[in-house]
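Trainee: My questions will all concern the structure given below.
The values are calculated or read from the model by the stated rules, or taken from the named source; none is laboratory data. Just so we're clear, the structure is a prediction, and the values are computed from it rather than from any experiment. Glycine also receives a Cβ, built like all others from the backbone with ideal geometry; neighbour counts cover every protein chain displayed. Heavy atoms of the whole protein, side chains included, go into the accessibility calculation; ligands, DNA and RNA do not. Shrake-Rupley method; radii C 1.70, N 1.55, O 1.52, S 1.80 Å.
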Amino acid sequence: MKGIYFTDDFFDRLERLALNFPTTLTGYFGGKHRINKYGQTIEFADFRQYQPGDDIRRIDWNLYARLGKHFLKLYTDERQMHIRIYIDCSASVGFYSDKAEYALALAVAFGYMAVRNNDKVSFHLLKDGNQSDPFGLIVGKNSFFSAVGKVKDITFSGETDFSAISKISDMGSNDGLSVLISDFLTDNSWQKAVDYFLFKKQQVLVCQVLGKEEVSPSYSGKFDLVDCEGTGKGDTRNVQLSITRAMTEAYKKELEKYKEEIKKFCISRDAAFLSVGTDIPIDKIIYRELMNLELVK
Amino acid sequence: MILRWLLPIGFVGLLAIAILLVIYLLRPQYREKRISATVVWKRVVLHTKKQRLMLTNIFIFLVQALVLAIIAVGFAEPRLYSKKQISPDSEYVVILDASASMRAKSSASGDSRFERAVVNATDKIKDFFSKAESGAVSVIIADSNPSYLFSNLKKDDEKEIYSRLSSAECSLEEGHLDDAITLAGKHLEENPYAKILFYTDTQFDNLGTAVEVINISDKEYEQNIAILGCTVGKIDNQYAFEIVLGAYGNVTRRCNVSVDITGADNGEGKKNFHLEVPVNFAVNENSQSSEQIQRVTVMATNENYGGQPDWFFDVYDETKISIPNLNDSIPDDDQFYVYGGIRDTIKVEYWSNDANSFWQLGFNNLAVNMNKSRDILFREIYQEQGMKAENQGFDFYIFEHSIPSEVLQAGLPTDGVVLLADPDNTLDSANIGLSFNQTVKIPATACVSGEYHQLLQYMEPSKIHLTQYSKITVKDDSFKPVIFIDGNPALFVKDTPSSKMIVLPFSINMSDFYGEQFQIFLYNLVNYFMPITLDKFDFELGEKTQFNCKGELIEIEHNGNTQKFVDFPSEFSFDDVGTYTFTTTFGLVKKDEVRRAYVHVATSESNLFATSDFRINLSSKELSEEDKGEDFFIWFAVLSLILMVLEWYLQFKYIL
């Protein structure tokens, strides 16, 4: 992994961006993201009638003087969010090195935008039904860059399996954004993973990364197509085809259809979906697509 | 030779198998490729398969429906009809018999059968056009090579029809009526309502309902006496002419047959003879048949007919046989010429300084075998009687052991074939490109064949064993060795336009050559160098004959027209009545040999009231099965079979 994206320039450009979370999230600790609840900031939000047990220091005495009733002055609350980035580390993602780099760059970009705003970040690597969290919980730029240095060591092999997500113990609830990065070129049920995120009241971004050859195959002729995640020649995922120009066109149509299916599912679950090809510059994805999705501001 | 496919479908089937084999051999070879997007490709395949499956189902249904429809239609016996078949009485086909017998004239009206047929046919065609305005008429002239006078002409062409009919001519040849009827039958294949009118003088039993035979002969006023042929033989060393005469029709009369022999030569002078032979014919209504054949033998020595009993002749120029003042229906067969009084004679000269009887016996045997076609004159030179060898005037010169000094002095003969048997050193003096080397004695050894030569036809050199032969040095390449003994030539042949020579460098006495192989050799020798020009001297009109040539050129002359032939044997067709002269030019001495042949009207045409046993049934097509048109049942069966196979294949794919 060369890590061509992880340059100072790359991170400098990300300095200007911040992740945009819905206010329905709550989080646990104080941070920079305003939420729907009242808190201890200095920004006024509303009044409410005093109830027994309330802190009397928050009573607005000026209002009492005018109305003769006790009202509390309420202030907005800002919390720290937890960005969980799930990276599909199967062989198909790593099949094209540029695709793997692209996927990791996206993950790192999300992570950097999070730590820059004092949010927590964790990277979860999914492979062969297991997940690993090699960098732990990252807070602050120092620990983030330390983790980025190790990103190059991530290897891609085995089959895609999203079932490991449900086994993660520290999933939290209603506390941030879950980003699922994969090529989704699998029969494995990724929908369950999305549903699980939603169950945990997470904001969800489903990000599909596809290589150039996967978007537009350049090969033609008669092929025994062997799946890179499979066991070899006898694998049921293999397919024997005579690839003509018409077949290539059918492939492109079918891929678009597949993307639409994913998108439809995501919309039905109020999750964001982003499909990117490695031929699109990553800046364009971050500045345009993520902004369009209102995930970045 | 024409190649026809009796079962073209079988051939197509075989081709289909071959195509399947090619497809099997060229079946796609798949390359292995690892990719990450097999999921998408599988979705593509699934989607395509779904679409294809739907199409296949529709197609299977269509094929099944089509098979049922084809079987149903097939059992309804579909047939192809042409437009002509729709309108009855739309076509007339007239056959005019144009054989020589149709030239017979009626003594009452003075017109010939053919003329009457033309008039009658014209009337019929006029009548036909008055009834069927859109009809078509074809007329076939049935001569030796039946062809259309015109074909499918309509009312608009009436003028042309009558003009062509009036200009039609009757031939002198034998008519091939069967071919003419077959030609007319083709009209029936296209138009079952076609009516065939057949004008002829021959009695046909039954040609079918589609053919109306109109016998144009007039038995009451037609009669014919004909000279059918003449064979020449010798009785008591005198020529005898056996004349075959035929009388047809109502003939009860006496007539004289004239025999005019021109140029009868007894070796001392030439003379002409005129002989008259009376003949009685009695063919009338009471006779069992309407024909009478008589044979009359005439000899020039018969004084009853005007001959001279004491004047014998060897050859004659020509003999004309005729029946004067006959006035019968066909005058063309009232005369006949006989040529060939000069029989081919092969002259052989034999000289030997140690004579044996092998050659004379061999040629005598050959003369017996060739008796019918030619004579052989064998002249042996007896030196003790003071005879000298000649070097001209013979066809074959055989010099055995030595070449006679008088011949060496005058030069070897150039007007015939020279055969040198067992030559000695006198060979060198002959200056012919051969020189004597030495005589070699060997134990009995069989000869072997060299380059094939026609002289060796039917011969087996391995059956010839020699105990002695002479080694000959060859300086002239035109001497070709054709038999070898111990690697040395045992028979040379030289065959050039200016010189024809055979050299046998061994003694017959010192071999077992005399016998079967010797006789075959002599037969080949005569037939190769002196082939007979014609094997007979009278031919029927239209007859073809093969002829050969002793020399290099034959000119055939008839009525002032000459044709030249240089490749032999060749074929010649006699297409006119009269005398044909064959003049052979010999390259050896530039002398000519003349042979004449007489061509006459076919004897069968003299029979005015012949009947035919020709069997063909051209029945009215509307009654026949064929009238239903071309049957397509087999094609429907084949088509339904193909569709059934296709349906099976589609089902098979579907199950898979």
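Trainee: Between the chain alone and the structure with every protein chain in place, find the residues of the range A:159-192 that drop at least 40 Å² of accessible area; heavy atoms, 1.4 Å probe.
Mentor: A:Leu185
Trainee: How far, in nm, would the chain grow between B:Asn425 and B:His465 when pulled straight, counting 0.36 nm per residue and subtracting the alpha carbon separation? Intermediate results must be reported in sequence, preceding the final value.
Mentor: On the way: separation 40, 0.36 × 40 = 14.40 nm, distance 2.34 nm.
Result for the pair: 12.1 nm of gain on full extension.
Trainee: Then there's this: So what's the back-of-envelope 222 nm ellipticity for chain A, counting only DSSP H runs of four-plus at -39500 (n - 2.57) apiece and dividing by all residues, rounded to 500?
Mentor: That comes out to -9000 deg cm²/dmol.
Trainee: Hey, another quick one. Return the long-range amide H neighbours of A:Tyr50 (sequence gap of 5 or more, or a different chain), with a cut-off of under 5 Å between placed amide H atoms.
Mentor: A:His70, A:Phe71, A:Leu72
Trainee: Continuing with the same structure: Give the calculated FRET efficiency between B:Tyr162 and B:Thr262 to the nearest 0.05, with a Förster radius of 30 Å applied to their Cβ-Cβ distance.
Mentor: 0.05
Trainee: A further question follows. Of all beta bridges DSSP finds with both residues in chain B, what is the antiparallel percent, to the nearest 5?
Mentor: 70 percent
Trainee: Put A:Lys99, B:Lys155 in order of accessible area, largest first, 1.4 Å probe: what do you get?
Mentor: Numbers: A:Lys99 0, B:Lys155 65 Å².
Sorted by accessible area, descending: B:Lys155, A:Lys99.
Trainee: In addition: Dipole of the protein assembly as shown (Lys/Arg Cβ +1, Asp/Glu Cβ -1, origin at the Cα centre): which of A:Val204, B:Leu361, A:Thr278 lies farthest to the positive side?
Mentor: Going by the charge dipole, the pick is A:Val204.
Trainee: Right, something else. Return the loop-located GluC sites (Glu not before Pro) in the range B:211-266 (DSSP other than H, G, I, E, B) with at most 13 other Cβ atoms within 10 Å of their own Cβ; answer none if there are none.
Mentor: B:Glu220
Trainee: Here is a follow-up. For an R0 of 25 angstrom, estimate the FRET efficiency from the Cβ-Cβ distance between B:Lys155 and B:Ser109 and round to the nearest 0.05.
Mentor: Here the calculated transfer efficiency is 0.25.
Trainee: I want the local charge near B:Gly263. Using Cβ-Cβ distances under 11 Å, sum +1 for each Lys or Arg and -1 for each Asp or Glu among the other residues.
Mentor: Neighbour charge sum, excluding B:Gly263 itself: -2.
Trainee: How much accessible surface does B:Ser449 have with a 1.4 Å probe, in Å² rounded to 10?
Mentor: That residue has around 70 Å² of solvent-accessible surface.
Trainee: Quick check on chain B: take the gyration tensor over C-alpha atoms, sort the square-rooted eigenvalues as a ≥ b ≥ c, and tell me if it's rounded (a/c under 1.5), prolate or oblate.
Mentor: Verdict is oblate for chain B.
Trainee: With every protein chain left in place, what is the accessible area of B:Asp422 in Å² (1.4 Å probe, nearest 10)?
Mentor: Accessible surface of B:Asp422 is approximately 20 Å².
Trainee: Over chain A, what is the relative contact order in whole percent, taking alpha-carbon pairs under 8 Å and six or more residues apart?
Mentor: Relative contact order comes out at 18 percent.
Trainee: Okay, next question. Counting other Cβ atoms within 10 Å, keep those with at most 13, restrict to DSSP loop, and tell me which trypsin sites (Lys or Arg not before Pro) in the range B:443-539 are left.
Mentor: In loop regions of the range B:443-539 (DSSP not H, G, I, E or B), the sparsely surrounded trypsin sites (Lys or Arg not before Pro) are B:Lys475, B:Lys536.
Trainee: Hey, another quick one. With both partners inside the protein assembly as shown, how many of the DSSP beta bridges are antiparallel, as a percent to the nearest 5?
Mentor: Once the DSSP bridges in the protein assembly as shown are tallied, antiparallel ones form about 60 percent.
Trainee: Indicate the gyration tensor shape class of the range A:31-79 (rounded, prolate or oblate), computed on the Cα atoms with a ≥ b ≥ c the square roots of the eigenvalues: a/c under 1.5 is rounded; otherwise a/b larger than b/c is prolate and the rest oblate. All intermediate terms of the calculation are to be shown ahead of the outcome.
Mentor: Numbers: a/c = 2.94, a/b = 2.22, b/c = 1.32.
In terms of gyration-tensor shape, prolate.
Trainee: With +1 on each Lys and Arg Cβ and -1 on each Asp and Glu Cβ, and nothing else charged, work out how big the dipole of the protein assembly as shown is about its Cα centre, in Debye to the nearest 20.
Mentor: Numbers: 99 positive and 130 negative charges, 2031 e Å.
Around 9760 debye, computed over the protein assembly as shown.
Trainee: Are there GluC sites (Glu not before Pro) in the range B:374-453 that DSSP puts in a loop and that have at most 11 other Cβ atoms within 10 Å, and which ones?
Mentor: Details: sites: B:Glu380, B:Glu384, B:Glu390, B:Glu400, B:Glu406, B:Glu451; in loops: B:Glu390, B:Glu451.
In loop regions of the range B:374-453 (DSSP not H, G, I, E or B), the sparsely surrounded GluC sites (Glu not before Pro) are B:Glu451.
Trainee: Here's something else I'd like to know. Using only DSSP helix segments of four residues or longer, with each worth -39500 (n - 2.57), what per-residue ellipticity at 222 nm results for chain B after dividing by its residue count and rounding to 500?
Mentor: Taking each H run of at least 4 residues, the total per residue is -8000 deg cm²/dmol.
Trainee: Could you sort B:Val417, B:Val368 by accessible area so the largest value comes first, with the probe set to 1.4 Å?
Mentor: B:Val368, B:Val417
Trainee: Something else now. Would you be so kind as to identify which of B:Ser498, B:Phe513, B:Leu534 lies farthest towards the positive end of the dipole of the range B:492-553, taking Lys and Arg as +1 and Asp and Glu as -1 on Cβ and the Cα centre as origin?
Mentor: Positive-end residue among those listed: B:Ser498.
Trainee: A follow-up question, please. Charges on Cβ only, +1 for Lys and Arg, -1 for Asp and Glu, centred on the Cα centroid of chain B; of B:Leu326, B:Gln308, B:Leu455, which one is farthest towards the dipole's positive end?
Mentor: B:Leu455
Trainee: Quick one: net charge of B:Thr533's neighbours, Cβ under 10 Å, K/R +1, D/E -1? Don't skip to the answer; put the middle values down first.
Mentor: On the way: positive: B:Lys550, B:Arg595; negative: B:Asp344, B:Asp535, B:Glu593.
Charge balance in the 10 Å sphere: -1.
Trainee: Pull out a ≥ b ≥ c, the square roots of the eigenvalues of the alpha-carbon gyration tensor of the range A:170-297, then state rounded if a/c is under 1.5, prolate if not and a/b is larger than b/c, and oblate in the remaining case.
Mentor: Values: a/c = 2.59, a/b = 1.67, b/c = 1.55.
The shape class here is prolate.
Trainee: With springs only between Cα atoms under 10 Å apart, run a GNM on chain A and tell me which of A:Ala65, A:Ala193, A:Ala271 wobbles the most.
Mentor: A:Ala65
Trainee: Based on alpha-carbon centroids, what's the gap between the range B:469-531 and the range A:104-175 in Å, whole number please?
Mentor: Answer, in whole Å: 115.
Trainee: May I pose another question? Once each part is reduced to its C-alpha centroid, what is the distance from the range A:215-229 to the range B:379-423 in angstrom?
Mentor: 100 Å
Trainee: Compute a Gaussian network model of chain A, connecting alpha carbons closer than 10 Å, and tell me which residue from A:Asp55, A:Asp98, A:Asp161 fluctuates the most.
Mentor: The residue that fluctuates most here is A:Asp55.
Trainee: I've got another one for you. When all protein chains stay in place, what accessible area (Å², nearest 10, 1.4 Å probe) is found for B:Thr414?
Mentor: Solvent-accessible area, nearest 10 Å²: 80 Å².
Trainee: Keeping every protein chain in place, order B:Tyr92, B:Tyr514 by accessible area at 1.4 Å, biggest value first, i.e. largest first.
Mentor: Largest accessible area first, the list is B:Tyr514, B:Tyr92.
Trainee: Placing +1 at every Lys and Arg Cβ and -1 at every Asp and Glu Cβ, with all other atoms neutral, what dipole size does the range A:31-79 have around its Cα centre, in debye to the nearest 20?
Mentor: Dipole about the Cα centre, nearest 20: 40 debye.
Trainee: Let me ask you something else. Where Lys and Arg each count +1 and Asp and Glu each count -1, what net charge lies around A:Lys73 among other residues with Cβ under 13 Å from its Cβ?
Mentor: The answer is -2.
Trainee: Moving to a separate point now. What accessible area, summed over both chains, is buried at the A-B interface (1.4 Å probe, Å², nearest 100)?
Mentor: Adding both sides of the contact gives about 2700 Å².
Trainee: Cut-off 10 angstrom, C-alpha nodes, Gaussian network model of chain A. Which of A:Gly111, A:Gly277, A:Gly149 fluctuates the most?
Mentor: Fluctuation is largest for A:Gly149.
Trainee: Tally up the carbon and sulfur contribution to the accessible surface of chain B as a whole percent, 1.4 Å probe, everything protein left in place.
Mentor: Roughly 52 percent, rounded to a whole number.
Trainee: I'd like the carbon and sulfur percentage of the solvent accessible area for the range A:62-153, probe radius 1.4 Å, heavy atoms only, ligands and nucleic acids excluded.
Mentor: In the range A:62-153, the share of accessible area belonging to carbon and sulfur is 45 percent.
Trainee: Roughly how many Å² is the accessible area per residue of the protein assembly as shown, as a whole number, for a 1.4 Å probe?
Mentor: 51 Å²
Trainee: Expressed as a rounded percentage, what relative contact order does chain B have, with Cα pairs under 8 Å and six or more residues apart?
Mentor: The normalised contact order for chain B reaches 14 percent.
Trainee: For a quick check: with amide H placed at 1.01 Å from N, whose amide H comes under 5 Å from B:Ala421's, ignoring anything fewer than 5 positions away on the same chain?
Mentor: Residues meeting the amide H criterion: B:Phe399, B:Glu400, B:His401, B:Leu504.
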